[in-house]
1. Say each of Gln31 and Val101 gets a label point 7 Å from the Cα, pointing the same way as Cα to Cβ; how far apart are those two points in nm?
2. Expressed as cubic angstrom per residue, what is the convex hull volume of the alpha carbon set of the stretch 1-116?
3. Of Ser29, Gly55, Gly80, which is farthest on the positive side of the dipole of the stretch 1-99, counting Cα position, with +1 on Lys and Arg Cβ, -1 on Asp and Glu Cβ, and the Cα centre as origin?
4. For the stretch 33-89, just list the percent of Cα-Cα distances falling in each 10 Å bin from zero outward, please.
5. Taking the Cα-to-Cβ direction at Phe74 and at Phe56 and moving 7 Å from each Cα, how far apart do the two end points lie in nm?
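Quick note: the coordinates plus some simple rules give every number you see, no bench work behind them. Predicted model, so just to flag it, every value in this text is computed and none were measured. Cβ placement follows ideal geometry from the backbone for every residue including glycine, while neighbour counts extend to all protein chains displayed.
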Amino acid sequence: MKRVLTVMEAIGEYLKTLLFDINFNRYISLQIIPLCYISVLILTAGGLLWLIVHGFMDNIWLGFFYLCLSPMLFLLWVSGCRMILELLTVIFRITVQLDEVAVMRESLGEVTALTRPLSRFFQRKPVRPVQSTRQDTPPPTNNRR
């Protein structure tokens, strides 16, 4: 009984932190993507099985046609869905990393604001370029023969 209460409390915390997060501070999509992929696998297999069964009920040749065609359809559909879900996963992971970079940039801005007065002591003095005089330039050459 105590274990059931602990599990229920954990589920309540999960729902409170993820589902009812109005500011969208956490991403739930990364946790739902595997569930979506499993549902695509199950629904695709079930749909193709239903198509094969009804094909055999209508006509035996139609059933054999669906039976031969279904593995290719399964692979194409599941591969396409997998690519889309992987793309979504990459997009959400990039978003998480960009959030981390934004936090680092804010902290870097705070550090720069604190160290800016000290940077004046460590600046190099600008070096003035040496101006050449007419005596430093070589005479013009005449390349005629």
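1. Between Gln31 and Val101, the simple spin-label model gives 2.7 nm.
2. In the stretch 1-116, the Cα convex hull volume per residue is 165 Å³.
3. Ser29
4. P(r) for the stretch 33-89, in whole percents per bin: 25, 42, 23, 9, 1.
5. Here the modelled spin labels are 1.4 nm apart.
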